[in-house]
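Reading through the structure tokens given below for one structure.
Please treat every number below as a calculation from the coordinates, not as lab data. Everything numeric in this text was worked out from a predicted model, so none of it was measured. Here the Cβ is made from the backbone with ideal geometry for all residues, glycine too, and neighbour counts use every protein chain on show.
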Amino acid sequence: MSKRAHPSLGRRQLLRYAGASLILSVSPIAGAAAKLPSVLAVRIWPAADYTRVTLEHDGPLKFTHFTVENPDRLVVDIEGVEFNSVLDSLARKVATDDPNIKLLRAGRFKPGVVRLVMELKGKVNPQVFTLEPAGEYGRRLVLDVYPVNPPDPMMALLEGRKDAVEPLKGEPDFQIAEKRPDEVTARTPEKQIVEAPEVHTSKKSGKPIVDRLVTITLDPGHGGEDPGAIGKAGTYEKNVTLEVARRLKARIDAEPNMRAVLTRDSDFFVPLQMRVQKARRVQSDLFLSIHADAWIKPDARGSSVFVLSEKGASSTQARLLAQKENQADLIGGVNIGSKDLFLARTLLDLSQTGTINDSLKLGKYLLGELGSINTLHKAHVEQAGFAVLKAPDIPSALIETAFISNPEEEARLNDDAYQEKLAGAIVRGIRQYFIKHPPGPKARMALLS
């Protein structure tokens, strides 16, 4: 005769198995519900062109946004995010001199929803979008506020504004970027001020080198969310390029019949095609993009000059460098939902052969002068498919001033005297180009809005 289990034992086992099953089925859901996405960091990049607010977070976010008038505000509601000390500190991150944002605050709007309210200093065209992880960054929610009436670089030149066309004379024509915890300390204004160099004229006639006013666009590489290369001592490429470009602008502005404009005059990100567009809007005669190279080996050194290629890169290193520089939009952050007719027209233009030939001539003179103050990494101008050099009607060159990944050259790039030498060498290269290839009458470019 078989033994029957005790009734109470059977019930206890059934309850124990049922409890284990319930734990297995509930635990994943409960764990997921307990872990809400968090905002890890907030960065604000103010500029006259636009102000960018970036919220870096560790999980997917759902959000909606709308604008309110009287007063002008941008409101962003974020669902299912944890309200933490980072969001609570938003109000303290807005600078009083931000051109576009008056106040920024966050709070719990309703269960499961955090509301960001941005009080604005005027009417804006906002863009709110997300970025996938790129470079050193994770996921990012980006709030860009563009003023409805942005500064017009062409009007600044036509009106002869002091900060657009005059050289530095005792006071800098720029604002020092706000010091940020993740950057090297910005130089003081006193160090930025340079003496106006002597006027250079043709030795034969005593006349200025150029017979008409020429405009040179200087493009400090990287900026804002995109730091560029970072040296071993912590030097950010975006800071070095801006320093050199400012010094170069001062020297060009002091030349007869020459003036320079910057694609960025402070620490903010400019998309690659917008850099090209800015140069065309002021009808530039030359475009120079300033960079500081980096390589996997710290002993790589020297200056280089690159121009656009239609047929592929001139070397493996040139191809890799172009790929790295062309990724700036991924790191700096471009709203891919924003369509740009100008971008399509510029990149698809097939009439660049003449411009590339002029760029090669310009690059040769620049390289020759850079060789007088630094080792040359390559003794010839290299070519690759740099997106920032694709203006179809402006001779353009990308200058790698030195290797920021080389500790010795990194130190030199931070030295005021060496930055002045760089600026002087580049100006001499520009002069050589215009002496041998005088600019013709300025053709009216098709300016697209």
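Annotations for the structure displayed:
- In this simple spin-label model, placing a label point 7 Å from the Cα along the Cα-to-Cβ direction at both ASN84 and GLU136 gives a separation of 1.9 nm.
- A straight chain from GLU119 to LYS35 at 0.36 nm per residue would run longer than the Cα-Cα distance by 27.2 nm.
- Taking label points 7 Å from Cα along the Cα-to-Cβ direction, GLU69 and LEU213 give a separation of 3.8 nm.
- Each peptide in 87-94, 287-294 gets a packing score, the mean of other Cβ atoms within 10 Å over its residues, and the list from highest to lowest is 287-294, 87-94.
- Ranked by the mean number of other Cβ atoms within 10 Å per residue, highest first, peptides 224-231, 126-133, 398-405 order as 398-405, 224-231, 126-133.
- SER315-LEU103 pseudo-label distance in nm [points 7 Å out on the Cα-to-Cβ vector]: 5.7 nm
- When the square roots of the Cα gyration tensor eigenvalues are ordered a ≥ b ≥ c, the ratio a/c for segment 369-439 is 1.5 or more and a/b does not exceed b/c, which makes its shape oblate.
- 5 angstrom amide H check on LEU104, placed H, neighbours 5+ away: GLU119
- With a Förster radius of 41 Å applied to the C-beta separation of LYS93 and ALA300, the computed FRET efficiency comes to 0.65.
- Summary of packing: across the peptides 60-71, 45-56, the per-residue average of other C-beta atoms within 10 Å ranks them, highest first, as 45-56, 60-71.
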